[in-house]
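Working notes for the structure below.
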Amino acid sequence: MSVSLSGLVSGIDVQSLVTQLSAAYQRPITLLQNQEQSYQTTLSAWGTVQSALSTLQTAVSSLQAVTQVNNRTVTLSNSAAVSASVASDAPLASYSLSNIVLAQSENLYSQDFASATNSTVGTGTLQIQVGSGTATAVTIDNSNNTLNGIAAAINNAKAGVSAAVVYDGTGYRLTLTGSNTGAANAFTVGVSGATGSLASLAYSSGTGASGLTESQGASNAQVTINGLPITSASNTVSGAIPGVTLNLLQASGSSTLQVGNDSATFVTSVQAFASAYNTAMSALNAVSAYGGSASSGASGGSGPLIGNAAIQGLRTQLMSLISGQAQGTVSGSAYTSLGSVGLNLATDGTLQLDTNLLSSALSDNYQQVTGLFGQVGTPSNASVGFVSTTTDTQPGTYAVNIVSDATQASLTAASAVPSGGLSSAENLTISSGSTSVTVSLASGSTIDAVVATINATLSQKGLSAITALNNNGILELQTSAYGSAEAFSVVSDQAATSGGTGIGTTRLSAAGTDVVGSVNGQIASGSGQTLTVTGPGAALGLKVNVSGQATGSLGSVTVSQGVYQQMNAVLTQALNTTTGFVAAATSGLNNTITGINQQITQLQSSASAQTALLEQQFAAMQVQVAQLQSVGQYLSAFYNTSSGSSVG
């Protein structure tokens, strides 16, 4: 009898069976992975939308403060005679500049000496006094009594003059130059305890005892502006023209100066906005269009966000802001929409910008045109200037009413300075905050000399915000700024007699006042000349500047709401990380993708376990089959042996 089990397993490919069964377990995993890829494509499209909208919001923000950035430009007919810089609050105007005289510092020089290093000049003490300031003592001894040594000692003393040694072809001379220009910065050099030739370095203007020679006197700069003579201690003239700083360059020069609107810079900002808008609109078109390209993240020839209601709604809002009527424009204005200044929509929703038309409109009415882009206020009264708004300010026209105007801190001496000058030396102590400055006035000083000395000293000592004036021969002091924050006091060491400044030994105090008024009938807070609406209402946050001394009704301010405010609100809502539809969409997709990945992980784990179990079972089967084959071989051999024995 013959038994064989090999036929039971000879046709089984165990590895093939395991591979096929494992592939069957993998099919639902592959389906989930394909779903995840689709969601990832959609998520990427939302990322493109978010990036494009964020870039657009950044570009739009450049239009936010069109009145707060420096939107002024200054042009000069003769830039060799004068240069200028301009601030954003400079009024639009033309000025004639002529009769330029440059400020000079005092220059002195000594007699000739044979050597700068070997010749001994002498010893003693130099007393250097600039203007009415405190004299600085410079000690000259055996360690520094050469020309070079004396120059170094003066420079190290930082007395307000600089020293140098020059060779004139025959000998060496010490030169002294004032550190600052202006008549008030003339200096004297006194000498005490002198030996040798040190006494020859003395200098006092108008005396015959001077050893040093003046090669150039200290003098103020001068310029005539629209026929009015202006003086300045330096060649930089500030305050003469509101918002303009002049730098005088050429003596006897002249020039016309024109303050205008910086239209070119604004056009550049609008171009950047239009470019960012077109990039954002193109991105929205690509991700939502039918028949989109693969490069836009499209799947099957269409954008991954095709038919998305939020995207379509956003496109409609953005295009409406471009094509719609602006809010809060001035009645009767020719510029009430972006289309009127050269921005129009193409058929695909992108912008077409006519820069020539925009520039022309800016030249015609800069204020109204910029109001189409940012929140701008247009006052009807020249005494009222628009400063700024906040997000609380609504577009509209608001009446301005002033109860009292702002004032400077100001005080006037009790009597005039004598025409022949002060009868004796006098010291004034002027204090503001924690700073006190003592001004020393020389006997014989006229009112103009008193004013010049006070202003020079205050400027040097850090109280330049207080200015001395000649009020028909009477000394007047006042602050340059307005408001209750401006305050100072002054006291003299001399009685208020007819021979002095008229200030007296009783301390006099002065303080400014803030503007008081209302806008749109709403409560407003004054700070200097600035009035800010703080009471509830449509004008909340509006800030204006009130100049002059007019009170009562000062016309109105029309606040426009440009494309910045409206578009920024739309973009902020869309991009809000908590409530925005972009965040909601991306959050939902990320949650879905996370869930799919969890399912894939679970299925992969289950498939691995099932595959491992099959391999175990097939391995066990192989062992059993091998055992059966072994038993079969034994039985076969046994029966074959038994059969052979019985035959024998």
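Taken together, the values in this text are just the output of simple stated rules run on the coordinates, not laboratory data. Here the structure is a predicted model, which is why all the values come from computation and not from measurement. Glycine gets a Cβ as well: all are built from the backbone with ideal geometry, and neighbour counts include every protein chain shown.
When Lys and Arg each count +1 and Asp and Glu each count -1, what net charge do the other residues less than 15 Å away from residue 383, Cβ to Cβ, add up to? Present the calculation step by step, with values, prior to reporting the outcome.
Details: positive: none; negative: 89, 405.
Net of charged neighbours comes to -2.
In whole Hz, with x marking every Gly and Pro, tabulate ³J(HN,Hα) for region 468-477 from phi via Karplus 6.51 cos²θ - 1.76 cosθ + 1.60, θ = phi - 60°.
8, 10, 9, 9, 6, x, 9, 6, 10, 10
Determine the sum of side-chain charges near residue 405: Lys and Arg each +1, Asp and Glu each -1, restricted to other residues whose C-beta is under 15 angstrom from that of residue 405. Walk me through the numbers before you get to the answer.
On the way: positive: none; negative: 486, 514.
Local net charge: -2.
Testing the spin-label approximation: label points 7 Å from Cα along Cα→Cβ at residue 355 and residue 597. State their distance in nm.
Roughly 4.7 nm, to one decimal.
Please give me the summed charge of the neighbours of residue 528: other residues whose Cβ is under 15 Å from its Cβ, Lys and Arg +1, Asp and Glu -1.
Details: positive: 543; negative: 89, 405, 486, 514.
Counting the neighbours of residue 528, the net charge comes to -3.
Figure the gain on full extension for residue 34 and residue 435 (residue separation times 0.36 nm, minus the Cα-Cα span) and round it to one decimal in nm.
Details: separation 401, 0.36 × 401 = 144.36 nm, distance 7.65 nm.
Gain in length upon complete extension: 136.7 nm.
I need the peptides 503-511, 449-457 ranked by packing, meaning the mean over residues of other C-beta atoms within 10 angstrom, with the highest value on top. Could the numbers behind the result be given before it?
Working: 503-511: 15.8, 449-457: 22.2.
Highest mean packing first, the order is 449-457, 503-511.
Starting from the 7 Å offset along Cα-to-Cβ, what nm value, one decimal, do you get for the label separation of residue 509 and residue 197?
With each label placed 7 Å out from Cα toward Cβ, I get 5.9 nm.
Ordered by residue, what ³J(HN,Hα) values in Hz, to whole numbers, does region 272-284 give under the Karplus form 6.51 cos²θ - 1.76 cosθ + 1.60, where θ = phi - 60° and Gly and Pro are x?
In residue order, the calculated couplings are 5, 4, 4, 5, 5, 4, 5, 5, 5, 5, 4, 5, 5 Hz.
Order of 178-187, 216-225, 339-348 by packing, highest average Cβ count within 10 Å first?
178-187, 216-225, 339-348
How much FRET efficiency would the formula 1/(1 + (r/R0)^6) give for residue 549 and residue 348, where r is the Cβ-Cβ distance and R0 is 60 Å, rounded to 0.05? Before the final figure, lay out each step's value.
Numbers: r = 57 Å, r/R0 = 0.95.
So the FRET efficiency works out to roughly 0.60.
If you take the beta carbon distance between residue 73 and residue 364 as r and set R0 to 25 Å, what does 1/(1 + (r/R0)^6) give as a FRET efficiency, to the nearest 0.05? Could you put the intermediate results ahead of the total?
Details: r = 17 Å, r/R0 = 0.66.
The formula returns an efficiency of 0.90 here.
Can you put 241, 596 in order, fewest other beta carbons within 10 Å first? The partial results should precede the final answer.
Details: 241 22, 596 17.
By the 10 Å Cβ count, ascending: 596, 241.
If one computes the Cα centroid of region 346-403 and of region 530-578, what distance in Å separates the two points?
Spelled out, the Cα-based centre of one part sits 12 Å from the other.
Starting from 0.36 nm per residue, how many nanometres of slack lie between residue 141 and residue 55 once their C-alpha separation is accounted for? Before the final figure, lay out the partial values.
Numbers: separation 86, 0.36 × 86 = 30.96 nm, distance 7.07 nm.
Here the segment from residue 141 to residue 55 would lengthen by 23.9 nm.
Measure nothing but the geometry: give the 0 to 90° angle between the long axis through the Cα atoms of 355-364 and the longest principal axis through the Cα atoms of the chain, rounded to 10°.
30 degrees
Just to check I understand the Karplus step: with θ = phi - 60° and J = 6.51 cos²θ - 1.76 cosθ + 1.60, what whole-Hz values come out for region 72-89, glycine and proline as x?
After applying 6.51 cos²θ - 1.76 cosθ + 1.60, I find 10, 9, 10, 10, 10, 6, 9, 6, 6, 8, 7, 10, 7, 10, 9, 9, 5, 9 Hz.
Pulled fully out, how much extra length does the chain show between residue 523 and residue 471, if you take 0.36 nm times their separation in residues and subtract their Cα-Cα distance?
15.0 nm
Round to a whole angstrom and tell me the spacing of the C-alpha centers of region 94-152 and region 424-470.
Between the Cα centres of region 94-152 and region 424-470 lies a distance of 25 Å.
To the nearest 0.05, what FRET efficiency results for residue 613 and residue 390 with a Förster distance of 60 Å applied to their C-beta separation?
Numbers: r = 70 Å, r/R0 = 1.17.
It comes to 0.30.
Put a dot 7 Å past each Cα toward the Cβ at residue 411 and residue 247; how far apart are the dots in nm?
3.9 nm
Over the chain, what is the mean sequence separation of C-alpha contacts under 8 Å (at least six apart), divided by residue count, expressed as relative contact order in percent?
Values: 1378 pairs, mean separation 107.1, N = 648.
The normalised contact order for the chain reaches 17 percent.
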